[in-house]
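Accompanying notes for the structure given below.
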Amino acid sequence: MYQKNDELTVTIEDQGTNGEGIGKVNGYALFVKDTVIGDECKVKIMKAKKNFAFAKLIEIISPSEYRVEEKCPVAKQCGGCQLQSMSYDKQLEFKANKVFNNFKRIGGFDTCQINMKPIIGMDEPYYYRNKAQFPVGKNKDGEISYGFFAGRTHSIIETPGCVLGMRIDGRDICKEIMDTVISFMKDNDIEPYDEQTQSGYVRHVLIRISEATKQVMVCVVTNSDELPVAEKLVDDLKEISNMTSISINTNKEFGNVIMGKRTVHLFGPGYIEDYIGDIKFRISPESFFQVNSKQVKKLYDKALEYANLTGEEVVWDMYCGIGTITLSMANKAKKVYGVEIVRNAIEDARNNAIINNIDSAEFIQGAAEEVVPKYFSENDGEECHPDVIVVDPPRKGCDQKLLQTMVEMNPERIVYVSCDSATLARDVAWLKENGYKLNEVTPVDMFPQTVHVESVVLLTLED
Ligand code: SAH
């Protein structure tokens, strides 16, 4: 049995959910931060449990052949990119394995039952995020700055520019905006929010960028109803080319939630427009929108392929957000229904249908597990009977009651889009027990450099 401060040599064989390397010594698992699959290293045990321990990297004896130099100098401290020191090909292999293993371990599927297609990766796995949220605070020298919080402290570590943030014509838009906000604060004595004393103004800056329209949005989250001399900030930000929308959001609550409930628009329409394929979407500061615009097209194309639409079908899109999947399928089906719990998102979805001249889409607001069975009992089952159900739930997966309802709705096909392959495997196993066959799984890398992976799955009704 090993204990604290023991030094061991270990070869890393896997990567954990937070990107930490995992290796075994005599069957005893060690979790080692800052290591990559294939590293042979000397480590020191920091915290020993019965079957595993957390250990600290002391020295890499022999580096993994998959190790690459990190593009970002603060990748290790930031924690946003857990896999930056792993080659991109290896990242893709790791993610594909993760999905496959979850179907085996959690879903209980045999290897031969999992028809997994190659993971869809990116050609350029950087600069893909169309959204950024930077905390504003003070660095260790007490200067106003932005970046990320260091560990569990509230001092800010500055980023020299995030390598995931989308560029327009090679310009680092996030940096241009953040430098402008910080200069404005310094010039006008606007203090950043201090969590300890709950004083000060600026908490976060939210930025959204559209690659397709090149429109840029800024929303400054403040601890007050009004930001002093906000008109000066607007004048400064307007100088940045492509600036389309500037808003102030008020969040006076203590805690980790970034956005508050109240948003005031100071410049522009209060939204930007983006495209997925040829469908246009209006995106407001609060809207949920997939962060990787390039990959989302590939993801939805795969979902569309699995839906196999001819123009005659009725499609239900559960957990539809602002209607992205619903509207992408509308022109290929007879009728599409979208179901979503957030009222604003449903309003956006209805608006998005209008601006795209789509009249075959109907949006229903409420918890899917409640409103879908209700809608069914109150309407003509024949007319709204789904040929295809698409589901794209949050990480925790589908509500059990909704799964039950889906089976009762008896669609020919279920297309399951998921950002968490563990809950996906659990739900697919349940659907298998209840009459659906697992046909095909395609992982899609929506989040290069991180441990996260999206998947799309086709299930069909057993004969
Ligand atoms: N399909 C969309 C959104 C997916 S994110 C897209 O690709 O953009 C998951 C969505 O599920 C969120 O918009 C969230 O608000 C919504 N949601 C969460 N719980 C829900 C529930 N019980 N019923 C309906 N929608 C829910």
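The values are calculated or read from the model by the stated rules, or taken from the named source; none is laboratory data. From a predicted model like this one, the values you see are computed outputs, not experimental measurements. Cβ atoms come from the backbone with ideal geometry, glycine included; neighbour counts cover every protein chain shown. SASA here: full protein model, heavy atoms, side chains in, ligands and nucleic acids out. Shrake-Rupley method; radii C 1.70, N 1.55, O 1.52, S 1.80 Å.
Can Ala361 be described as within 12 Å of the ligand (Cβ to nearest atom), out of contact with any Cys (no Cβ under 9 Å at 6 or more places or on another chain), open to solvent by less than 30 Å² (accessible area, probe 1.4 Å) and without any contact (Cβ under 8 Å) to a residue 40 or more places away in the chain?
Considered against the rule, which asks whether it is within 12 Å of the ligand (Cβ to nearest atom), out of contact with any Cys (no Cβ under 9 Å at 6 or more places or on another chain), open to solvent by less than 30 Å² (accessible area, probe 1.4 Å) and without any contact (Cβ under 8 Å) to a residue 40 or more places away in the chain, Ala361 comes out as no.
Taking helices (runs of 4 or more DSSP H) that fall entirely within region 368-440, which contain at least 2 residues that are within 16 Å of the ligand (Cβ to nearest atom)?
Values: elements: 368-378, 381-384, 400-409, 421-433.
So the answer is 368-378, 400-409, 421-433.
Can we say Glu305 is open to solvent by 10 Å² or more (accessible area, probe 1.4 Å), closer than 28 Å to Met122 by Cα, outside any loop (DSSP other than H, G, I, E, B) and away from the ligand (no atom under 13 Å from the Cβ)?
Working: open to solvent by 10 Å² or more (accessible area, probe 1.4 Å): yes; closer than 28 Å to Met122 by Cα: yes; outside any loop (DSSP other than H, G, I, E, B): yes; away from the ligand (no atom under 13 Å from the Cβ): yes.
In short, yes.
Does region 134-187 hold any residues that are within 15 Å of Cys219 (Cα to Cα), out of contact with any helix residue (DSSP H, G or I) (no Cβ under 8 Å at 6 or more places or on another chain) and open to solvent by 20 Å² or more (accessible area, probe 1.4 Å), and which are they?
Selection gives Lys175, Glu176, Asp179.
Identify the single condition in (1) within 14 Å of the ligand (Cβ to nearest atom); (2) open to solvent by less than 10 Å² (accessible area, probe 1.4 Å); (3) in contact (Cβ under 8 Å) with a residue 60 or more places away in the chain that Leu327 does not satisfy, given that it satisfies every other one.
Result: Leu327 fails condition (3) only.
Test Tyr319 against the criterion of being on the phi > 0 side of the Ramachandran plot and either within 15 Å of the ligand (Cβ to nearest atom) or touching a Leu at 6+ places or on another chain (Cβ under 8 Å) (or both), and give yes or no.
Values: on the phi > 0 side of the Ramachandran plot: yes; either within 15 Å of the ligand (Cβ to nearest atom) or touching a Leu at 6+ places or on another chain (Cβ under 8 Å) (or both): yes.
Yes: the conditions hold for Tyr319.
If a residue has to be touching a strand residue (DSSP E or B) at 6+ places or on another chain (Cβ under 8 Å) and over 16 Å from Ile389 (Cβ atoms) to count, how many in region 303-320 make the cut? Even if it seems obvious, please write down each step before you answer.
First, the residues of region 303-320 that are touching a strand residue (DSSP E or B) at 6+ places or on another chain (Cβ under 8 Å): 303, 306-309, 313-320.
From what is left, the residues that are over 16 Å from Ile389 (Cβ atoms) are none.
Of the residues in that region, 0 qualify.
Please count how many residues of region 299-327 are within 23 Å of the chain's Cα centre (by Cα), hydroxyl-bearing (Ser, Thr, Tyr) and more than 22 Å from Ala367 (Cα to Cα).
2
Quick one: what pairs do we get from region 420-437, first residue touching a residue at least 12 places away in the same chain (Cβ under 8 Å), second aromatic (Phe, Trp, Tyr) and open to solvent by 20 Å² or more (accessible area, probe 1.4 Å), C-beta under 9 Å, 6+ apart or different chains?
Within 9 Å, the pairs are Ser421/Phe100.
Please note which strands (runs of 3 or more DSSP E) are completely contained in region 225-297 and include at least 1 residues that are within 29 Å of Pro125 (Cα to Cα) and of a type outside the set (Lys, Arg). It would help to see each step written out before you state the result.
On the way: elements: 243-250, 262-267, 272-276, 279-283.
The strands (runs of 3 or more DSSP E) meeting that bar are 243-250, 272-276, 279-283.
Is there a residue being open to solvent by 10 Å² or more (accessible area, probe 1.4 Å), touching a residue at least 24 places away in the same chain (Cβ under 8 Å) and small (Gly, Ala, Ser) anywhere in region 272-281?
yes
List the number of the failed condition for Val221; all other conditions in (1) free of Cβ contacts under 8 Å to residues at least 24 places away in the same chain; (2) open to solvent by less than 20 Å² (accessible area, probe 1.4 Å) hold.
Every listed condition holds for Val221 apart from (1).
Starting from residues that are within 12 Å of the ligand (Cβ to nearest atom) and either out of contact with any helix residue (DSSP H, G or I) (no Cβ under 6 Å at 6 or more places or on another chain) or of a type in the set (Lys, Arg) (or both), keep the ones in region 338-351 and report whichever is modelled with the lowest pLDDT.
Just the residues of region 338-351 that are within 12 Å of the ligand (Cβ to nearest atom), to begin with: 338-346, 348-349.
Checking which are either out of contact with any helix residue (DSSP H, G or I) (no Cβ under 6 Å at 6 or more places or on another chain) or of a type in the set (Lys, Arg) (or both) leaves us with 341-346, 348-349.
Working: Ile341: 95, Val342: 91, Arg343: 91, Asn344: 87, Ala345: 91, Ile346: 95, Asp348: 92, Ala349: 96.
Per the stated criteria, the residue is Asn344.
Quick one: count up the residues across region 107-165 that are among the hydrophobic types (A, V, I, L, M, F, W, C), within 23 Å of His452 (Cβ to Cβ) and in contact with a Ser or Thr (Cβ under 9 Å, 6 or more places away or on another chain).
Taking region 107-165 first, the residues among the hydrophobic types (A, V, I, L, M, F, W, C) are 109, 112, 114, 116, 119-120, 122, 132, 134, 136, 144, 148-150, 156-157, 162-164.
Checking which are within 23 Å of His452 (Cβ to Cβ) leaves us with 109, 114, 116, 119-120, 122, 132, 134, 148-150, 157, 162-164.
Applying the additional criterion that residues be in contact with a Ser or Thr (Cβ under 9 Å, 6 or more places away or on another chain) yields 116, 119-120, 134, 148-149, 157, 164.
Residues flagged as among the hydrophobic types (A, V, I, L, M, F, W, C), within 23 Å of His452 (Cβ to Cβ) and in contact with a Ser or Thr (Cβ under 9 Å, 6 or more places away or on another chain) within region 107-165 amount to 8.
So Ile354 ticks every box in (1) open to solvent by 60 Å² or more (accessible area, probe 1.4 Å); (2) among the hydrophobic types (A, V, I, L, M, F, W, C); (3) within 12 Å of the ligand (Cβ to nearest atom) but one. Which box is left unticked?
(3)
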